[in-house]
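> Below is the structure I would like to discuss, written out as structure tokens.
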Amino acid sequence: MASRLLTSALFAGFCTGLIAALLQFVFVQPVLLHAELYESGQLVHFGAEPVSAHPDLGGIDVMRDALSVLFSALVYTGYALVLVALMSLAEASGAKITARTGLIWGIAGFVAVHFAPAISLPPEVPGVAAADVVARQVWWFATVAATGVALALIAFARSWAAWAVAVVLLLAPHLIGAPHPDSFAGTVPPELAAMFASRALGVGLAAWVVLGCLAGHFWQREGLRQNAAA
Amino acid sequence: MNAIARTAASARAGLVQALMVAALGLGVVMVAGHLQASALHDAAHDVRHATGFPCH
């Protein structure tokens, strides 16, 4: 049981981390590097001269990119461990876990850890003004937990009362509100900040769909393999 | 041990293992995505931004 959990989570998480890193390099990293030119003051918008929207972003930084691959693999392996653990509990109470049903688990995971927090705390491009990091982290974890519980209630509960609680849990973090800065001091053009947020969410959705399918696939395959060996 | 007790015991073991694996996963996400130690922050910087974690 424990080896089935760990094996399927490590395979699914590591593969997803590599795919997510690749997507981030192609779609998110150019926007991030571009924003850093404004963060560092190399580019300034709203000056006397119009600034080109297509600057030279430099070449590949091997060390920096290798660390990004490593941490992407770590983050998605962490998510995979939680996801597979929850899948195992659902299966024990009668749910069917396959690559196909994993798709819905992946989309739900994306909503819980990317989309719901982003509604009130959009993915931050470097160089934006933001409130205290600890306060934002506390809000982030609370929102992920509330949304996760709400989605589980919607999926598995069978009563109107439970579904009403789910709606309250979905809305509460945003009605309470995320920590925001007292004043705006961002140096990055709004075009880049918007592009960064939507690209980060798009890549997050793709990665979580892959993670859900792979987690479902490896969980089922490891189960068959261990049953055959027993 | 009869069959019902055995099923209950294996369900309990499954729950404990699932909770431990989930806690391990949460720990990995905490360290890779949220700890503010500066070496970790710098190494994970791009991934933290791209994954929508609060950074800085």
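The values are calculated or read from the model by the stated rules, or taken from the named source; none is laboratory data. Please read all numbers here as calculations on a predicted model, not as lab measurements. All Cβ positions, even for glycine, are placed from backbone atoms using ideal geometry, and neighbour counts span all protein chains on display. Heavy atoms of the whole protein, side chains included, go into the accessibility calculation; ligands, DNA and RNA do not. Shrake-Rupley method; radii C 1.70, N 1.55, O 1.52, S 1.80 Å.
> Does segment A:42-59 include one or more residues that are at the interface with another protein chain (Cβ under 9 Å from one of its Cβ atoms) and over 20 Å from A:Gly212 (Cα atoms)? First the steps, then the outcome.
Narrowing segment A:42-59 to residues at the interface with another protein chain (Cβ under 9 Å from one of its Cβ atoms): none.
No, segment A:42-59 has no match at all.
> I've got another one for you. State whether the residues of segment A:95-112 include one that is at the interface with another protein chain (Cβ under 7 Å from one of its Cβ atoms) and open to solvent by 20 Å² or more (accessible area, probe 1.4 Å). Explain how you work it out, then say what you get.
First, pick out the residues of segment A:95-112 that are at the interface with another protein chain (Cβ under 7 Å from one of its Cβ atoms): none.
For segment A:95-112, residues at the interface with another protein chain (Cβ under 7 Å from one of its Cβ atoms) and open to solvent by 20 Å² or more (accessible area, probe 1.4 Å): absent.
> If you don't mind, there's one more thing I want to ask. Among the residues of segment B:41-48, are any more than 8 Å from every other protein chain (Cβ to nearest Cβ), in a loop (DSSP other than H, G, I, E, B) and either open to solvent by 50 Å² or more (accessible area, probe 1.4 Å) or over 15 Å from A:Leu86 (Cβ atoms) (or both)?
no
> Six or more apart or on different chains, Cβ under 9 Å: which pairs go from a residue in segment A:206-223 that's crowded, with 24+ Cβ neighbours inside 10 Å to one that's not in a helix (DSSP H, G or I)? Could you list them?
A:Ala207/B:Thr51; A:Ala215/A:Ile97; A:Gly216/A:Ile97; A:Gly216/A:Thr98; A:Trp219/A:Ile97; A:Trp219/A:Thr98
> Report, by residue number, each residue of segment A:28-59 that is polar (S, T, N, Q) and in a helix (DSSP H, G or I).
The first filter runs over segment A:28-59 and keeps only residues polar (S, T, N, Q), leaving A:29, A:40, A:42, A:52.
The one that is polar (S, T, N, Q) and in a helix (DSSP H, G or I): A:Gln29.
> Looking only at segment A:123-138, how many residues end up being at the interface with chain B (Cβ under 8 Å from one of its Cβ atoms) and either in contact (Cβ under 8 Å) with a residue 60 or more places away in the chain or open to solvent by less than 30 Å² (accessible area, probe 1.4 Å) (or both)?
Here the count works out to 7.
> A further question on this structure: Looking at segment A:60-83, is at least one residue open to solvent by 30 Å² or more (accessible area, probe 1.4 Å), farther than 29 Å from B:Ala11 by Cα, of a type in the set (A, V, I, L, M, F, W, C) and not in a helix (DSSP H, G or I)?
Yes, segment A:60-83 contains a residue that is open to solvent by 30 Å² or more (accessible area, probe 1.4 Å), farther than 29 Å from B:Ala11 by Cα, of a type in the set (A, V, I, L, M, F, W, C) and not in a helix (DSSP H, G or I).
> Restricting to segment B:4-40, and then to whatever is β-branched (Val, Ile, Thr) and surrounded by 13 or more Cβ atoms within 10 Å (Cβ to Cβ), can you tell me which residue is farthest from the other protein chains (Cβ to nearest Cβ)?
Applying the first criterion (β-branched (Val, Ile, Thr)) to segment B:4-40 yields B:4, B:7, B:16, B:21, B:28-29, B:31.
Next, only the ones that are surrounded by 13 or more Cβ atoms within 10 Å (Cβ to Cβ) stay: B:21, B:28-29, B:31.
Numbers: B:Val21: 4, B:Val28: 3, B:Val29: 4, B:Val31: 8 Å.
Step by step, filter segment B:4-40, then rank; the result is B:Val31.
> May I pose another question? Just one of A:Ala164, A:Ala228, A:Ala146, A:Ala194 is crowded, with 18+ Cβ neighbours inside 10 Å and either part of a helix (DSSP H, G or I) or in contact (Cβ under 8 Å) with a residue 60 or more places away in the chain (or both); which is it?
A:Ala146
Results for (1) of a type in the set (Phe, Trp, Tyr); (2) more than 14 Å from chain B (Cβ to nearest Cβ); (3) in a helix (DSSP H, G or I), shown as yes or no for each residue.
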position: A:Ala155; (1), (2), (3): no, yes, yes
position: A:His180; (1), (2), (3): no, no, no
position: A:Arg199; (1), (2), (3): no, no, yes
position: A:Phe218; (1), (2), (3): yes, no, yes
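> If you don't mind, there's one more thing I want to ask. Just give me the residues in segment A:160-214 being touching a helix residue (DSSP H, G or I) at 6+ places or on another chain (Cβ under 9 Å) and of a type in the set (S, T, N, Q), in sequence order.
The one that is touching a helix residue (DSSP H, G or I) at 6+ places or on another chain (Cβ under 9 Å) and of a type in the set (S, T, N, Q): A:Thr187.
> Before we move on, is A:Leu86 part of a helix (DSSP H, G or I), open to solvent by 50 Å² or more (accessible area, probe 1.4 Å) and not β-branched (Val, Ile, Thr)?
Numbers: part of a helix (DSSP H, G or I): yes; open to solvent by 50 Å² or more (accessible area, probe 1.4 Å): yes; not β-branched (Val, Ile, Thr): yes.
Judged against the criteria, A:Leu86 is a match.
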